[in-house]
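The values are calculated or read from the model by the stated rules, or taken from the named source; none is laboratory data. What you see is a predicted model; the values in this text were computed from it and never measured. Every residue, glycine among them, receives a Cβ derived from its backbone with ideal geometry; neighbour counts consider all protein chains shown.
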Amino acid sequence: MSEIQSLPNNEIRWKQVWSLISLDIAIVISWLAYHKYQPELLKQFQFTQFTLALAVVQMIVLALTPPIAGFLADKIRNKNGDRLPMINIGINVVSMVFMVVAVTIFANPIGIIRYFFPLMIVLWLISMNIFHSPAISTVELFVPPHKLPQIMAIFAFIADLTQAIEPSIIDIMEKFGAPIIFAVGGSLVFVTGYWLQQTTKNMQVINASEIPTIKEKPSNFGIVFALGLGMGVGSAVFFEAFPNIIDQYNMGIKGSYLTSILIASGAVLSLIVANFVEKFGLVRSVFVSFAFILVLILFIFFVKIPFLAMISFYIYPLAFAFLSVSALPLVIHNLNAKDKVLGIGLFFSGVEIVNGIFEIAQAMK
């Protein structure tokens, strides 16, 4: 398939957007399943001594795979006008690995066969990240640039809401067990990926080499990577660090419960702030929101005055909502058409490096 034709100024291709959002939901649920069952499966297959090593390997894979996949997707796109091959390959491999893991868990093999389990985990991590950056990069094909914050607000709302109700999702997963959950995860990724493929199949297209803006200013990879690191700091602190630090302040509510409430409020705020971001501007929105996040982190983790910390906890979702809505559109704005997927891969690499550091720190405890 060739590159999709440029959009009229105010047209959003909602069918394609919703297919992409559904794929993103499937990815989020798959990650929840992975994080839920990884420790249990390492124990089941007697690999608990490799928990720290796996956390390091996971960070390396998640940091390197998105930009490499993005580079290859751009090469294919610039040559053939199509970035979907990388998406299709990744989706098919992820679905296959999910099914293999499900069968493996059900069979509970012993002996040398169990040594294939860590290899399957690494293969799953790689394949999940082969298609993520190319898939997310297609959002620019469905949405006019000035409408991107509104669409990213929907993405942020759904992703954050899924994180907020994680305890309920985990309870459902425990009722069905690992084999069924991994089989369902593979099916979700495959079905939603197929839907994305079908919604883009009959769209009017032009070859990438014919796009007149293909020789725009060079991509600013430094800014893109810095945005990824900033988003990584914001999300890792919110999702990973908040539960424990809230418990330390003895705020009268369990840290995980209050964190879920704050994340849910951040999800709702994402929808509200989208119009403000569009008027305020991407650069100012990112700069101001991240500056606020750093100040709030300072109050929570270093100043440690309970009253200031409490206020900071409740303000954090608003600052994070602004960052969530504006970061990726600003990334796309700083990328040349020829480097689009590579740049988005670098953005996700920055996010995952920070998250990986948190995972390694937890594995070392």
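Among the candidates Phe320, Phe358, which residue alone is among the aromatic types (Phe, Trp, Tyr), under 30 Å from Leu42 (Cα atoms) and in contact with a helix residue (DSSP H, G or I) (Cβ under 7 Å, 6 or more places away or on another chain)? I'd like the intermediate steps shown before the answer.
On the way: Phe320 fails: under 30 Å from Leu42 (Cα atoms).
Residue meeting the stated conditions: Phe358.
So, Lys340, is that one more than 17 Å from Glu240 (Cα to Cα) and surrounded by fewer than 19 Cβ atoms within 10 Å (Cβ to Cβ) or not? Spell out how you get there, then give the answer.
Values: more than 17 Å from Glu240 (Cα to Cα): yes; surrounded by fewer than 19 Cβ atoms within 10 Å (Cβ to Cβ): no.
Taking the combined requirement at face value, the residue does not satisfy it.
Report yes if some residue within region 218-235 is farther than 28 Å from Asn336 by Cβ, among the aromatic types (Phe, Trp, Tyr) and surrounded by 13 or more Cβ atoms within 10 Å (Cβ to Cβ); otherwise report no. Steps first, answer last, please.
First, the residues of region 218-235 that are farther than 28 Å from Asn336 by Cβ: none.
Looking for residues that are farther than 28 Å from Asn336 by Cβ, among the aromatic types (Phe, Trp, Tyr) and surrounded by 13 or more Cβ atoms within 10 Å (Cβ to Cβ), one finds none in region 218-235, hence no.
If you go through region 290-338, how many residues are outside any helix (DSSP H, G or I) and among the hydrophobic types (A, V, I, L, M, F, W, C)?
Start the filter on region 290-338 by keeping residues that are outside any helix (DSSP H, G or I), which leaves 304-305, 334-336.
Now drop any that are not among the hydrophobic types (A, V, I, L, M, F, W, C), which leaves 305, 335.
Of the residues in that region, 2 qualify.
Considering every residue within region 263-278, establish whether at least one is touching a residue at least 24 places away in the same chain (Cβ under 8 Å) and within 17 Å of Ile357 (Cβ to Cβ).
No: zero hits.
How many residues are modelled with pLDDT under 90, touching a helix residue (DSSP H, G or I) at 6+ places or on another chain (Cβ under 7 Å) and among the charged types (D, E, K, R) if we restrict to region 1-23?
Summing the residues that are modelled with pLDDT under 90, touching a helix residue (DSSP H, G or I) at 6+ places or on another chain (Cβ under 7 Å) and among the charged types (D, E, K, R) in region 1-23 gives 2.
Using beta carbons and a limit of 6 Å, which pairs, at least six apart or on different chains, have the first residue in region 326-346 and farther than 12 Å from Pro66 by Cα and the second one of a type in the set (Phe, Trp, Tyr)?
Val331/Phe347
Can you tell me which of Val331, Val295 is buried (at least 16 other Cβ atoms within 10 Å of the Cβ) and either out of contact with any Asp or Glu (no Cβ under 8 Å at 6 or more places or on another chain) or hydroxyl-bearing (Ser, Thr, Tyr) (or both)? Give the derivation first.
Details: Val295 fails: buried (at least 16 other Cβ atoms within 10 Å of the Cβ).
Step by step, each of Val331, Val295 is checked, and only Val331 is buried (at least 16 other Cβ atoms within 10 Å of the Cβ) and either out of contact with any Asp or Glu (no Cβ under 8 Å at 6 or more places or on another chain) or hydroxyl-bearing (Ser, Thr, Tyr) (or both).
This table checks each residue for (1) assigned to a helix (DSSP H, G or I); (2) at pLDDT below 85; (3) farther than 20 Å from Ile293 by Cβ.
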{"position": "Phe182", "(1), (2), (3)": "yes, yes, yes"}
{"position": "Leu188", "(1), (2), (3)": "yes, no, yes"}
{"position": "Gln197", "(1), (2), (3)": "yes, yes, yes"}
{"position": "Met203", "(1), (2), (3)": "no, yes, yes"}
{"position": "Val224", "(1), (2), (3)": "yes, no, no"}
{"position": "Leu227", "(1), (2), (3)": "yes, no, no"}
{"position": "Gly232", "(1), (2), (3)": "yes, no, no"}
